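Worksheet: one structure, shown below.
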Amino acid sequence: MSEDKSQAPADAAENSAANSAAAGEKEPDMGSLLKFRRQKLDRLRELGVDPFGAKFETTHAPGALQANFAEELPVKVAGRITALRDMGNTNFIDLSDLGGRMQIFVNKKQVGEEAWQIFKQLDIGDWLGVEGETFTTRTGEPSVKAQSLTVLSKSLRPLPDKWHGVQDTQIKYRQRYLDLIANERSRELFRLRIAMVAEMRRFLQDREFLEVETPMLQDVPGGAAARPFETYHNALGMELYLRIAPELFLKRLLVGGFTKVFELNRNFRNEGISRRHNPEFTMLEAYWAYADFEQMADLVEEMICHLAEKFCGGLLIEHKNEAGEVTKTINLSRPWKRTPYRDLIKGVAGDDWFDLTNEERRAKCAGELGVEISAEMEDYEVTQQVFEKLVEEKSIDPLYVTHVPKELVPLAKQNTSDDSVVDVYELVINGAEISPGYSELNDPDVQRSRLEEQAGEETQKIDEDFLLALEYGMPSAGGIGIGIDRVIMMLTGAESIRDIVLFPQLKRRDA
RNA sequence: GGGUGGAUAGCUCAGUCGGUAGAGCAGUGGCCUUUUAAGCCAUUGGUCCUGGGUUCGAGUCCCAGUCCACCUACCA
């Protein structure tokens, strides 16, 4: 890169230099920031250093060294330079990765003139390997006194603001790596998510559930009532759908002899995006032969409490705002309340609710209950609306809603003493449905009529292969679904699903 | 789909009644051997989201649009 100051005013020279630094690419003009990094890249090459490094064997990760610190230990650590405190001939830098950071003391006389010249070409954001010896500084900070430096990668772009972090949600979600570099809270949330998901697998495996993988590309998208994503297989010449649930395949496995089985993976639903909805989301479904919905409720209760105790320091889950003030406390103490649907409705809408005529119920919604309803709603939907607005949204501590009307849940077994309700639970925590659990319907004739009723005219939506499988006999079984993203949100206090999904779906950004 | 709020330096944000565009951080240069957002001094950096309108004059007022956030609607 050359500047020709004799031919142009200073700022014009500045611009042309910045443009050539971008090597003809169309880059947002960040003034001299990019230019200076390119200059240092060139300078490193002139010094005979490969700016993008090669092999460097470490003895410790920065965070691990920090945690198991000992004096006068010869070490090799590597990481990204996330802070650089330049005191002239002495510099303090922080080397960081996802797991933590370590301070490095770099002194001109210690490393020698040659390494010092290389060091002066480094910026915040560069990756560096350091060989040296541990010591504690005058201010008590565990550090590594650098003896030699290995450049592992030059960063050509400046990192986000170190104090404010990444605030811009567009950058946070579209360039998650910057969010992970800059925001400790994000690192913490994802570390927690990863650990919790691993623990859920372990929890089920410890109870002899087998993890399986069933088709995500399905011919007939079943197991839920949601709009699917459509796609097309060229060689087969057929429409396919991304699954909305794995349920019908897991039940086929029950027919095949699996007695405890689960799948923890993505489902896809072609619906709106919101704070609580991502089009692809992670779902756990588990089936347990010979069990019923109450045993499934016990299992879920145990699992979530286990996670809370292991990762949240107990069963009181505190959600905090940005100022660190507790805004909400969820009490997961057992046993969790289990209440029939109708009792919950009576509790908020009056003991006589189910004695009223449909017209009277609609009038009561519009009047004293203040629940918005529309004329197109079926009668049972009016009651469901009361449930959602007055029970579900106000329920913070765990609540198992049981004996749900069968219209709401077509894939579960009817109760033996009251055939208007089904043997299911719906677990509500923090105002949201976290998990449904069923005593699964395994009568092939009843299942067929329910699916036909649900499909209406669209008979192609009926999964005939699934019904065929049921005719061979599916053992009675309990089944659950758990919305993993929502459990993580509930346990961590994350306010948006986008904060606990690494790469959430966003609208395409036009140039 | 509907409603409300927002968009100013690379980042975080001020910007008065309509009258020449501001700060901190980052960057750059210099001095200094122990810093923790953090040494000190100096300094560079602007499509005020886009387009139109009103005006002698618009970051500021009006209209339209784009994008974002929140609420709402849809949603097993």
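The values are calculated or read from the model by the stated rules, or taken from the named source; none is laboratory data. Just so it is clear, the model here is predicted, and its values are computed rather than measured. In this analysis, Cβ positions are derived from the backbone assuming ideal geometry, glycine residues included, and neighbour counts consider all displayed protein chains. Remember, those area values only see protein heavy atoms, side chains included, never the ligands or the DNA or RNA. Shrake-Rupley method; radii C 1.70, N 1.55, O 1.52, S 1.80 Å.
Calculated from the alpha-carbon coordinates, chain A shows an Rg and a Dmax of 29.7, 96 Å respectively. Longest segment of chain A with no GluC sites (Glu not before Pro) in a DSSP loop having at most 10 other Cβ atoms within 10 Å? The longest uninterrupted stretch comes out as A:73-207.
The fraction of accessible area contributed by carbon and sulfur in segment A:368-412 is 44 percent, rounded to a whole number (1.4 Å probe; ligands and nucleic acids excluded). The H on the amide N of A:Thr58, modeled in the peptide plane, is under 5 Å from the matching H of no residue at least 5 residues off or on a different chain. Beta-bridge orientation, segment A:120-229: approximately 100 percent antiparallel, per DSSP, counting only bridges with both partners inside. Label separation (A:Ser274 vs A:Asp419): 3.6 nm, computed from points 7 Å beyond Cα along the C-beta direction. Each Lys and Arg contributes +1 and each Asp and Glu -1, all at the Cβ; summed about the Cα centre of chain A, the dipole is approximately 2740 debye. Give the residue from A:Ile429, A:Gln147, A:Met196 lying farthest towards the positive end of the charge dipole for chain A; charges sit on Cβ (+1 for Lys and Arg, -1 for Asp and Glu) and the dipole is referred to the Cα centre. Final value for the positive-end residue is A:Gln147. With both partners inside chain A, how many of the DSSP beta bridges are antiparallel, as a percent to the nearest 5? Among the beta bridges of chain A, antiparallel pairing accounts for roughly 90 percent.
If you wrap segment A:100-175 in the convex hull of its Cα atoms and look at it from every side, the mean projected area works out to 6.5 nm².
Using only the C-alpha atoms, the convex hull of segment A:340-396 corresponds to 74 Å³ per residue. This model, with +1 at the C-beta of Lys and Arg and -1 at the C-beta of Asp and Glu, gives segment A:64-162 a dipole about its Cα centre of some 200 debye.
What does the charge add up to near A:Asp443, with Lys and Arg as +1, Asp and Glu as -1, over the other residues with Cβ less than 11 Å from its Cβ? It works out to a net charge of 0. Can you list the chymotrypsin sites (Phe, Trp or Tyr not before Pro) in segment A:395-491 that are in a DSSP coil and have 14 or fewer other beta carbons within 10 angstrom? Hits after loop and neighbour filter: A:Tyr472. Computed with a 1.4 Å probe over protein heavy atoms only, the accessible surface of chain A comes to 52 Å² per residue.
Given A:Lys260/A:Lys389; A:Lys35/A:Lys120; A:Lys320/A:Lys346; A:Lys55/A:Lys145, which pairs have Cα atoms separated by over 27 Å? Where the Cα-Cα span goes over 27 Å, the pairs concerned are A:Lys260/A:Lys389; A:Lys320/A:Lys346.
Annotation: amide H of A:Leu73 within the under-5 Å range of A:Thr134, sequence separation 5 or more or interchain, hydrogens built in the peptide plane. The equivalent ellipsoid of segment A:211-268 has semi-axes of 22, 13, 10 Å, largest first, where each one is the square root of 5 times an eigenvalue of the Cα gyration tensor. Estimated purely from DSSP H runs of n ≥ 4, each contributing -39500 (n - 2.57), the mean residue ellipticity at 222 nm for chain A is -9500 deg cm²/dmol once divided by its residues.
Shown for segment A:124-246: the carbon plus sulfur share of the solvent-accessible area, taken with all protein chains present and a 1.4 angstrom probe, equals 51%. The calculated FRET efficiency for A:Asn234 paired with A:Thr90, based on their beta-carbon distance and R0 = 56 Å, is about 0.30. If both residues of a DSSP beta bridge must be in segment A:301-429, then about 75% of such bridges are antiparallel. A Förster radius of 56 Å, combined with the Cβ-Cβ distance separating A:Leu502 from A:Glu359, puts the computed FRET efficiency at roughly 0.65. Mean separation of Cα pairs under 8 Å and 6+ residues apart, divided by the residue count of chain A: what relative contact order is that in percent? Relative contact order here is 11 percent.
Net charge in the neighbourhood of A:Met216 (other residues with Cβ under 11 Å of its Cβ; Lys, Arg +1, Asp, Glu -1) is -1.
Using the Karplus relation 6.51 cos²θ - 1.76 cosθ + 1.60 with θ = phi - 60°, the per-residue 3J(HN,Hα) values for segment A:347-362 come to x, 9, 10, x, 4, 8, 3, 7, 8, 6, 6, 4, 5, 5, 5, 4 Hz, with x marking Gly and Pro.
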